[in-house]
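First comes the structure, then the notes that go with it.
The values are calculated or read from the model by the stated rules, or taken from the named source; none is laboratory data. Note that this is a predicted model, so its numbers are computed, not measured. Note that each Cβ is placed from the backbone with ideal geometry, even for glycine, and that neighbours are counted across all protein chains shown.
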Protein chains: 2
Amino acid sequence: MVSKLEMTGDELDSRARDVLRAIILQHVATGEPISSRSLSKCGQFQLSPASLRNVMADLEDLGYLAQPHTSAGRVPTDRGYRFFIDHLMKSHALSRRDRETIDGEVANAGEIEQILHLASSVISKLSDQIGVVFMPTLLQFTIRSMDFVLISETRIMCVIVGTNGVVVNRIVDTRQTFQREELEKIGRYITAEFSGMTLDGIRRRLIRMTEDERALHDQMLQKTITLGIEAVNDVAPVEHELFVEGAASILTKPEFADANALRRTFLALQEKEKLIEILNTFLSEDGLQILIGSESDFTQVHNFSIVARRYGSSSAPLGMVGIIGPMRMEYARMAPLVDYLGLALTRKIEEQEQDR
Amino acid sequence: MVSKLEMTGDELDSRARDVLRAIILQHVATGEPISSRSLSKCGQFQLSPASLRNVMADLEDLGYLAQPHTSAGRVPTDRGYRFFIDHLMKSHALSRRDRETIDGEVANAGEIEQILHLASSVISKLSDQIGVVFMPTLLQFTIRSMDFVLISETRIMCVIVGTNGVVVNRIVDTRQTFQREELEKIGRYITAEFSGMTLDGIRRRLIRMTEDERALHDQMLQKTITLGIEAVNDVAPVEHELFVEGAASILTKPEFADANALRRTFLALQEKEKLIEILNTFLSEDGLQILIGSESDFTQVHNFSIVARRYGSSSAPLGMVGIIGPMRMEYARMAPLVDYLGLALTRKIEEQEQDR
DNA sequence: AGTTAGCACTCTCACGACGAGAGTGTCAAG
DNA sequence: CTTGACACTCTCGTCGTGAGAGTGCTAACT
């Protein structure tokens, strides 16, 4: 019945918009359903509760508000939050403290995994929500260099540096034995020969090379090829990394007062595939993304919202960073937080990219 | 009033012991307080409920059982569990499936961190409790080799292999620029010069070398020293790694039916220092360790137990592996699980140690 | 027209009473 | 020493009740 309404923001007059905004702000602050009386008392409107009730009834008809039960106040629906975010919200400026905290954490981090880990934990702490950082597949990842370090005669650590500054390392267990000097040579060769290619491309070319005439005779080349293939094969399975931090932060939120809600939530967070799927669809979108309640499978069940943003250079987006929390959250504070963290990460990564 | 009793297991006659064992087994299975009637009905005893009540009253006086309230059955106390574990428990043989699962997971893992991560997750899955694996400080860690890989001109990955096969790698950001060949030379030099020493020892010696006459003139040596110090300094802060896996497994246990217990538990798991402290004290003990309820700060508050065991060669214990769960757990099944995982880890690590 | 006071209505929630059920302790008889 | 019997106690679910909160509606007011 409300489906034919376009979300242009035009179907609400200025007063209705003010009321909706006030209700959402107040409800986010208190967690309680908002009554006409408390709204009237807050002083923002020179109207009696009865008048406000009329406005609220209209907003309910339009699907922006709902009543938990007849004699309770109103609560925003996901549709209400959506309207708020699209048309009513005024993002807070990011506090200097927060900005400095983010900058500090990001600056201190070295390796990509550490950066992402710190990012998820800092956003979780600052937002008091669950922090998520997602780094998608490395298959399209182009390499700058590849080096091999002798761990023991048959165990080799392979260090791959991407053109975007990301460093990946894995240990492979070979059946052959290697010398230090051999590995140095192999590293130089592979770096020279394959830099700029994707892992997948490298693997395919190496496999083609095995059939090459020369490889049959040159023992050194043969060793290089098998080691290279093993190294790339071993990295490829790392299809994505998902950092979820601060799940305990939701423990104190009133929407999780009962044990079942908690249980369901933790179990949902366990299975990360769904989350990855959602974040993946966002990966093609630019700018801040907000997903509310029923708008996706994941957020629907638990009345969650996701505020997330792409990071990494726009030419090669690297992943998503954001927060997950109950639908009732301070979007006006979350939005700039997530946005800034995304920017900071992007900047950091571009710096590393320069730094060649 | 019971404190003067020695825990020799002598103060209970054979019948009392049987009753205590039966009560614990039944309570662990059901989670309910055990009544004299249900005990009589189970057929193990040819006694009436009234007689069993007498025995149970005695066990309660001795502090092995307790009643949640007057008209409830009996529940084992931590003292009761302790007696059970020390004198009554018959450990189940480890099922073949479990043994194979553990062997499989451990065999597949490569790097130490991956091994420990898998270990904590496999033990969590098999036990349906929270899995913990703890690796203590690396400061006493002696090195076999040290290599440096060029990430970018000023960022160097440092790969340290311990004599126990453990591989640690960190990226350091230097102010100087390095060439590939330089790094290879530095790696060879440091490996030759310092292998067998502890990280701490290396650092001290490097610092002493800065004051050395030669270092002032030999630019290469100077670069080596500063890089070496930075590498070691960067690794040293990693004082311990604690893997806690499967916290969600306790969600379904009846002792966490109410939200507060859940909340408290998750918050307790958040602060890992306490846990590390406890595991650290166990590090000097050989064999399986079981800590019950009030026996430690950590387990006391939440009615938890810890079943843990040292792993790593006995000459150089590497860390602790174990599970955390409610006091009411199947000790007879947990004990061999943890024990076997500890053995498997030790074996794996010794293999890697050989493999030089 | 829009606004407001008043009022009846509905729903939740905290409180207390109550009875069924479960388990115990005890005592006297076997 | 064992056991049947019985009174006692405590928990827990159910039901009823009344206070409180908030609404919708209507009629009067501006």
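Quick look at the numbers
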{"item": "One residue from B:LEU251, B:LEU291, B:LEU269, B:LEU262 being at pLDDT 90 or above and either outside any helix (DSSP H, G or I) or of a type in the set (A, V, I, L, M, F, W, C) (or both)", "result": "B:LEU291"}
{"item": "Among the residues listed as B:GLU211, B:GLU181, the single one being of a type in the set (Asp, Glu), without any contact (Cβ under 8 Å) to a residue 40 or more places away in the chain and within 14 Å of chain A (Cβ to nearest Cβ)", "result": "B:GLU181"}
{"item": "Which listed residue, of A:ILE151, A:ILE143, A:ILE130, A:ILE156, is under 20 Å from A:GLY246 (Cβ atoms), among the hydrophobic types (A, V, I, L, M, F, W, C) and in contact (Cβ under 8 Å) with a residue 12 or more places away in the chain", "result": "A:ILE130"}
{"item": "Residue check for B:ILE102: assigned to a helix (DSSP H, G or I), within 14 Å of another protein chain (Cβ to nearest Cβ) and more than 16 Å from DNA strand D (Cβ to nearest atom)", "result": "no"}
{"item": "Residue count, segment A:258-309 (criterion: of a type outside the set (Asp, Glu), loosely packed, with under 14 Cβ neighbours inside 10 Å and within 14 Å of chain B (Cβ to nearest Cβ))", "result": "2"}
{"item": "Close pairs from segment A:226-241: first closer than 20 Å to A:ALA215 by Cα and modelled with pLDDT of 70 or more, partner in a strand (DSSP E or B) and charged (D, E, K, R), Cβ under 8 Å, at least 6 apart", "result": "A:ALA231/A:ARG170"}
{"item": "Every residue from segment A:195-208 that is touching a strand residue (DSSP E or B) at 6+ places or on another chain (Cβ under 9 Å) and free of Cβ contacts under 8 Å to residues at least 24 places away in the same chain", "result": "A:GLY201"}
{"item": "Some residue of segment A:77-99 being polar (S, T, N, Q) and away from DNA strand D (no atom under 16 Å from the Cβ)", "result": "yes"}
{"item": "Residue within segment B:50-63 that is away from DNA strand D (no atom under 13 Å from the Cβ) and either aliphatic (A, V, I, L, M) or within 14 Å of chain A (Cβ to nearest Cβ) (or both) present", "result": "yes"}
{"item": "The lone exception for A:THR252 - which of (1) within 14 Å of chain B (Cβ to nearest Cβ); (2) buried (at least 17 other Cβ atoms within 10 Å of the Cβ); (3) among the polar types (S, T, N, Q) it fails", "result": "(2)"}
{"item": "Which numbered condition B:ILE115 fails, given (1) more than 21 Å from the chain's Cα centre (by Cα); (2) under 29 Å from A:GLY165 (Cβ atoms)", "result": "(1)"}
{"item": "Subset of segment B:121-141 that is modelled with pLDDT of 95 or more and outside any strand (DSSP E or B) - its residue that is surrounded by the fewest Cβ atoms within 10 Å (Cβ to Cβ)", "result": "B:LYS125"}
{"item": "Condition check for A:LEU216: at the interface with another protein chain (Cβ under 10 Å from one of its Cβ atoms), aliphatic (A, V, I, L, M) and not in a strand (DSSP E or B)", "result": "no"}
{"item": "Helices (runs of 4 or more DSSP H) contained in segment B:13-90 and holding at least 3 residues within 14 Å of DNA strand C (Cβ to nearest atom) and either at pLDDT 95 or above or among the polar types (S, T, N, Q) (or both)", "result": "B:14-30, B:36-41, B:49-61"}
{"item": "Meets criteria (outside any helix (DSSP H, G or I), within 14 Å of chain B (Cβ to nearest Cβ) and surrounded by 16 or more Cβ atoms within 10 Å (Cβ to Cβ)) for A:ARG144", "result": "yes"}
{"item": "Test: residue in segment A:45-53 that is outside the structural domain of A:TYR331 (by TED's automatic domain parsing) and within 19 Å of A:ARG79 (Cα to Cα)", "result": "no"}
{"item": "Flag if A:GLY196 is part of a loop (DSSP other than H, G, I, E, B), modelled with pLDDT of 85 or more and closer than 28 Å to A:ILE112 by Cα", "result": "yes"}
{"item": "Near pairs, Cβ below 6 angstrom, 6+ apart or cross-chain, from segment B:29-53 (over 23 Å from B:PRO326 (Cβ atoms)) to any residue that is near DNA strand C (Cβ under 8 Å from one of its atoms) and among the hydroxyl-bearing types (Ser, Thr, Tyr)", "result": "B:PRO49/B:SER36; B:LEU52/B:SER36; B:ARG53/B:SER36"}
